[in-house]
1. Kindly indicate the residue of segment 1-46 that is of a type in the set (S, T, N, Q), part of a helix (DSSP H, G or I) and surrounded by 14 or more Cβ atoms within 10 Å (Cβ to Cβ) and also modelled with the highest pLDDT among those meeting that condition.
2. Pairs, please: C-beta under 7 Å, at least 6 apart or cross-chain, first residue without any contact (Cβ under 8 Å) to a residue 24 or more places away in the chain and in segment 99-120, second in a strand (DSSP E or B)?
3. Determine, yes or no, whether Ile493 is surrounded by 12 or more Cβ atoms within 10 Å (Cβ to Cβ), in contact (Cβ under 8 Å) with a residue 60 or more places away in the chain, among the β-branched types (Val, Ile, Thr) and in contact with a Phe, Trp or Tyr (Cβ under 7 Å, 6 or more places away or on another chain).
4. Output the residues belonging to segment 204-223 that are modelled with pLDDT under 80 and assigned to a loop (DSSP other than H, G, I, E, B).
5. Provide a single number: the residues in segment 224-242 that are closer than 22 Å to Val368 by Cβ and either touching a Pro at 6+ places or on another chain (Cβ under 8 Å) or in a loop (DSSP other than H, G, I, E, B) (or both).
6. For the subset of segment 490-530 comprising residues that are touching a helix residue (DSSP H, G or I) at 6+ places or on another chain (Cβ under 7 Å) and in a loop (DSSP other than H, G, I, E, B), which member is modelled with the lowest pLDDT?
7. Could you tell me how many of the residues in segment 82-106 are within 14 Å of Leu70 (Cβ to Cβ) and at pLDDT 85 or above?
Amino acid sequence: MTKVRCAIYTRKSSEEGLEQDFNSLDAQREACAAYILSQASEGWSLLPEHYDDGGLSGGTLERPALKRLLADIEAGKIDIVVVYKVDRLTRSLLDFAKLVETFDAAGTSFVSVTQSFNTTNSMGRLTLNMLLSFAQFEREVTAERIRDKIAASKARGMWMGGNPPLGYRPEGRSLEIVPEHAELIRQLFHRYLAVGNVRLLAEQLEAEGTRIPQRTALTGRQMGGGTFSRGQIYKILSNPIYLGEIHHRGKVYEGKHEAIIDRDLWDQVQSRLADNTQGTQRTATTKVASLLAGLVNDENGEPLVAAHACKGKQRYRYYVSRALQHDANSAAANGIRIPAREIEAAVANRIADALSDPFDIMTRAGIVPESHRIESTLQRIEKLAVRVRKKDRTLLRSLVSRVTVLPLGISIDLSAEELRDRLEIETSGEGPATINLRSDVRLTRSGRAVRLVYDNGRAATCGEPDQGLIQLLMHARHWWEQLATGEIDIAAIARNENINDSWVSRVVRLNFLAPQLVEAILSGTQPASINAASLRSADLPIDWNEQIAMFGL
């Protein structure tokens with residue numbers, strides 16, 4: 001029988017009576033110990049450690065014994081926490097939800113002996129879920145109140161906390177100008193109008209040795225000291241705080257703080273920024289350029305050039321070794337020719353996967369957000385991951401510094417500086433310049449084509465349905481329905497479609513493809529070994545399980 005380690009937690013709000021030989025804590029422990037003993041047939045065993053908080057309120061989690069209990073739970077020393085009543089753990093529904101999260105993470109259950117509350121059984125878990133639903137409701141109501149208060153305060157032009165923008169220091173619920181920093185802000189606005197380009201301005205500032213003034217964050221951490229990046233300059237130029245305004249959810253309010261720049265200068269800068277943005281968008285939309293053009297190299301550092309070929313109305317894009325592009329015959333042994341759609345999907349998926357582990361990517365990028373900004377930073381990272389999966393061209397080209405195709409994978413260098421800019425995080429200049437990501441996707445041959453395939457056999461474009469395969473399945477279904485009427489035969493279908501009988505025969509069999517294979521094709525998750533040629537030429541067994549095994553699904 002498996003031993004179930006049980007810990008008893010007791011609490012008393014007041015210190016009254018604690019000096020007695022047998023007090024309330026002892027009574028709670030005795031009742032809990034008796035309950036544990038009654039469950040001995042289930043393997044329950046009482047641990048000798050005492051977790052007793054005397055004279056401490058249940059309205060806070062700052063209790064010594066409770067902290068020891070949680071530490072032992074996280075260390076894997078406890079299987080079940082036993083309490084006399086739920087309110088001995090906490091009187092706050094929100095704190096209760098936090099404790100349950102800790103318990104769940106460690107695989108620990110808890111029992112209230114006087115309230116039939118036992119999360120080791122289904123009824124107890126149902127009750128727990130109901131309580132947690134109320135806790136979530138309370139959290140949302142509290143969040144709404146906070147949002148409403150922030151909106152009301154900003155409508156009055158008040159500064160609602162956080163690190164102030166460069167050029168200001170906090171002064172109660174307003175901002176006070178820092179003269180030397182404000183002068184730098186004015187220079188940035190004027191110089192941008194003169195240069196007309198954020199990138200050129202950033203390069204000029206770096207060449208001159210102009211650095212971000214060092215400041216102390218509210219947490220005591222040092223900020224600044226590094227060079228101005230494009231993202232930081234753009235953020236400054238588009239921040240209405242410098243105009244003396246407070247913006248909130250699309251509305252503009254007059255701030256209580258003094259403006260650093262005037263309306264005329266602001267309008268000129270915003271007009272120039274808008275013109276530049278529209279120009280960039282026009283350029284991007286008028287070119288059908290490859291997503292990673294100029295960024296892909298082979299293991300020897302030789303660039304792979306973006307190229308394309310046309311077959312009928314279909315345009316196929318590739319990244320090709322220069323030698324192979326110029327002389328296909330002599331360079332065939334060493335050249336690389338990779339389908340653009342596949343390597344672009346592999347790169348985007350790997351970056352999105354990295355962003356889906358926000359704490360790891362923040363650590364690798366040298367990002368340490370202040371406590372009050374952690375949630376907003378996580379939300380920004382989540383939005384970046386969504387945009388990357390959608391292959392946002394502007395975002396991906398700004399994040400990716402280099403892609404190297406290796407024999408057994410792909411190496412991706414991300415710009416850590418650009419990531420920090422996107423997340424609006426300042427560093428003291430000590431953060432890493434790049435983050436290296438590896439993808440286990442590799443080149444393999446599938447029929448006459450070269451594909452990028454993961455170790456598990458999935459294609460790099462997994463998740464992007466192959467319209468050619470889907471069309472093949474549609475033909476199979478349609479032609480079988482025609483044959484089933486008995487009014488037409490294979491030869492007639494071949495004549496109608498202007499193809500040979502053999503082709504129709506091979507395609508019609510796909511109407512009996514295993515449902516799991518059909519579902520994989522429709523969702524784009526089929527193994528790389530499945531393509532139009534392999535399906536048409538395969539000697540399909542009748543048994544669906546054998547079909548699945550044949551294609552390695």
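The values are calculated or read from the model by the stated rules, or taken from the named source; none is laboratory data. For clarity, every value in this text was computed on a predicted model and none was experimentally measured. Ideal geometry is used to build each Cβ from the backbone, glycine not excepted, and the neighbour counts take in all protein chains shown.
1. Once the filter is applied, the top-ranked residue is Gln28.
2. From residues that are without any contact (Cβ under 8 Å) to a residue 24 or more places away in the chain, the pairs are Asn118/Val111; Thr119/Ser109; Thr119/Phe110.
3. Criteria not met by Ile493.
4. Matches in segment 204-223: Ala217, Leu218, Thr219, Gly220, Arg221.
5. So the answer is 6.
6. The extreme case among them is Ser529.
7. Residues meeting the conditions: 7.
Here's the yes/no breakdown for (1) assigned to a strand (DSSP E or B); (2) modelled with pLDDT of 85 or more; (3) exposed (fewer than 15 other Cβ atoms within 10 Å of the Cβ); (4) under 30 Å from the mean Cα position of the chain (by Cα):
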{"residue": "Thr277", "(1), (2), (3), (4)": "no, no, yes, yes"}
{"residue": "Arg282", "(1), (2), (3), (4)": "no, no, yes, yes"}
{"residue": "Ser290", "(1), (2), (3), (4)": "no, no, no, yes"}
{"residue": "Val320", "(1), (2), (3), (4)": "yes, yes, no, no"}
{"residue": "Leu324", "(1), (2), (3), (4)": "no, no, no, no"}
{"residue": "Ala333", "(1), (2), (3), (4)": "no, no, yes, no"}
{"residue": "Asn349", "(1), (2), (3), (4)": "no, yes, no, yes"}
{"residue": "Ala352", "(1), (2), (3), (4)": "no, yes, no, yes"}
{"residue": "Gly366", "(1), (2), (3), (4)": "no, no, no, yes"}
